[in-house]
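No value in this document is a laboratory result; all are computed from the given coordinates. Just so it is clear, the model here is predicted, and its values are computed rather than measured. Every residue, glycine as well, gets a Cβ built from its backbone with ideal geometry; the counts of neighbours run over all protein chains shown.
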Amino acid sequence: MNLRNCARCGKMFNHIGGPAICDQCKRAIEEDFQKVKQYILDNPRASLKQISEDNEVSTKQIQQWIRDERLMFSEGSPIQIQCENCGAPILTGRFCAKCKTSMANNLNTSFAKQRPVMQDPVKKDNKAGMRFLDT
Ligand SMILES: [Zn+2]
Ligand SMILES: [Zn+2]
């Protein structure tokens, strides 16, 4: 048991992992999300403040959904999201497609550099063990 206070309602609950939010609140947030998602479809030109007020959902929560790429806005939307890396206008998430690609490439090259160093000792051990088993 890992009891924690829910970050939303303050109730004690058994925390399994992820954000410290109880099941009841998770369900309520999910309902809010569906409501906001539908609202954006019906009102593609609504501002963040308008969405927040009409749905009684905090702008912080809406921005969180945008960062998680759960909410997507159309080209005509007044809501401007900027790439956190280069500042280019984007429709959802945290980074533009260009930055995402270059970040993925950087990750791949650093993994490739690290791999031989990290795996070498394990490989040697395996070989030694197999030779021992063979003879
Ligand atoms: Zn709660
Ligand atoms: Zn960018």
Report the one residue of Ser47, Asn85, Ile62 whose Cα lies farthest in the direction of the positive end of the charge dipole of the stretch 27-104 (charges on C-beta: Lys and Arg +1, Asp and Glu -1; origin at the Cα centre). Asn85
Contour minus Cα-Cα distance for Glu56 and Tyr39 (0.36 nm per residue): 4.9 nm
What is the set of long-range amide H partners of Gln82 at a cut-off below 5 Å, with H atoms built 1.01 Å from backbone N? Ile90
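Among the listed pairs Lys26/Lys100; Lys11/Lys37; Lys49/Lys100; Lys49/Lys98; Lys11/Lys49; Lys26/Lys60, give every one whose C-alpha distance is greater than 25 Å.
Lys26/Lys100; Lys11/Lys37; Lys49/Lys100; Lys49/Lys98; Lys11/Lys49
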